[in-house]
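Read through the structure below, which is laid out as structure tokens, and then see the notes.
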Amino acid sequence: METVSTSKAYGGTQGVYRHASTATGTDMTFAVYVPPHDDGARLPVLWFLSGLTCTHANVMDKGEYRRACSELGVILVAPDTSPRGDDVPDDEAYDFGKGAGFYVDATEQPWAKNFRMRTYVEDELPALIGAEFPMADMARQGIFGHSMGGHGALTIALRNPERFRSVSAFAPIVSPLQCPWGDKALGGYLGPDRTAWRAYDACALIEDGARVKDILVDQGDADGFLVEQLKPELLAEACKVAGIDLTLRMQPGYDHSYNFISTFMADHVAWHAKRLK
């Protein structure tokens, strides 16, 4: 692991790091914020998955999480959203290819070689964090994200309930099977067999028996993607049928931007900290 940069913030250390990924076959960059802590302390780990077009830097620059993480003693890890590099295939559209990995392991060509973000986020990067950050307590992990990253957080938590004690999301894509973004991404990465898509759809996973104890979702009611792409009512219905305790907060006047995310970031960090202590 190579250290790209470190700086002090709220008594802790904001770092950016790079490593050669076996999962993606590329170099991958990620951010880690380690709050102030006593020598020998073990701290819970909270993963933030970003949305379309983002890198690790978007939440690091605009997410305003460091004060809450310092006050509550939580490490925050922010991976990239896709593989990068000149040899990585891409698409001209913003919602497919680089910056739009959708946290899946692609099976279709030419994407299958590099676009293995499920393996990267579920397996490879956690192993690296556990090895390189001795204060990280990998027995206490939570996960959250925004939009495409909210989709990633929900599906990863539902597939790995023994690993993630907590899950939340900002304006998540709750059912890629039922929206244009998901139809394009999952069709392109996984092919036409829609049964293969169900492992990457939070509502389908719940319908198929996956369970977590509770979920927090914040959604702006002025979000331009709300009706066509996000459809939080589908998650509400799936959770109601399954008996999952969903707190869905429709936030009046808020859109899809980091102005929305930063407003409620401390609430989400506190939600996770309570469940990770």
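The values are calculated or read from the model by the stated rules, or taken from the named source; none is laboratory data. Keep in mind it's a predicted model, so treat the numbers as computed, not measured. Cβ sites come from the backbone with ideal geometry, for glycine too, and all protein chains shown count toward neighbours. Remember, those area values only see protein heavy atoms, side chains included, never the ligands or the DNA or RNA. Shrake-Rupley method; radii C 1.70, N 1.55, O 1.52, S 1.80 Å.
The set of residues from the range 189-201 being in contact (Cβ under 8 Å) with a residue 40 or more places away in the chain, over 18 Å from the mean Cα position of the chain (by Cα) and surrounded by fewer than 21 Cβ atoms within 10 Å (Cβ to Cβ) comprises 191, 196.
Scanning the range 10-63 for residues that are open to solvent by less than 20 Å² (accessible area, probe 1.4 Å), closer than 29 Å to residue 225 by Cα and either in a loop (DSSP other than H, G, I, E, B) or without any contact (Cβ under 8 Å) to a residue 60 or more places away in the chain (or both) returns 31, 50, 51, 54, 63. Given the conditions (1) assigned to a helix (DSSP H, G or I); (2) more than 22 Å from residue 10 (Cβ to Cβ); (3) open to solvent by 10 Å² or more (accessible area, probe 1.4 Å); (4) touching a strand residue (DSSP E or B) at 6+ places or on another chain (Cβ under 9 Å), and given that residue 67 satisfies all but one, which numbered condition is not satisfied? Unmet condition: (2). For the range 202-248, give me each residue that is open to solvent by less than 30 Å² (accessible area, probe 1.4 Å), acidic (Asp, Glu) and more than 17 Å from the chain's Cα centre (by Cα). If the condition is that a residue be open to solvent by less than 30 Å² (accessible area, probe 1.4 Å), acidic (Asp, Glu) and more than 17 Å from the chain's Cα centre (by Cα), then 223 is the only one that fits. Taken over the range 249-277, the criterion of being open to solvent by less than 40 Å² (accessible area, probe 1.4 Å) and farther than 21 Å from residue 51 by Cα is satisfied by 273, 276. Do we find a residue being open to solvent by 40 Å² or more (accessible area, probe 1.4 Å) and within 17 Å of residue 125 (Cβ to Cβ) anywhere in the range 91-101? Within the range 91-101, none of the residues are open to solvent by 40 Å² or more (accessible area, probe 1.4 Å) and within 17 Å of residue 125 (Cβ to Cβ). Annotation for the range 144-162: no member residue is assigned to a strand (DSSP E or B), charged (D, E, K, R) and over 18 Å from residue 198 (Cα atoms).
Any residue at all in the range 219-237 that is assigned to a helix (DSSP H, G or I) and basic (Lys, Arg)?
no
Evaluation of residue 179 against the conditions (1) under 21 Å from residue 221 (Cα atoms); (2) free of Cβ contacts under 8 Å to residues at least 40 places away in the same chain shows that the sole unmet condition is (2). Taking every residue in the range 99-115 that is farther than 22 Å from residue 229 by Cβ and pairing it with any residue that is of a type in the set (S, T, N, Q), at least 6 positions away or on another chain, the pairs with Cβ-Cβ distances below 8 Å are 105/119; 114/24; 114/26.
State yes or no: is residue 128 over 17 Å from residue 270 (Cα atoms), surrounded by fewer than 21 Cβ atoms within 10 Å (Cβ to Cβ) and of a type outside the set (Phe, Trp, Tyr)?
The answer is yes for residue 128.
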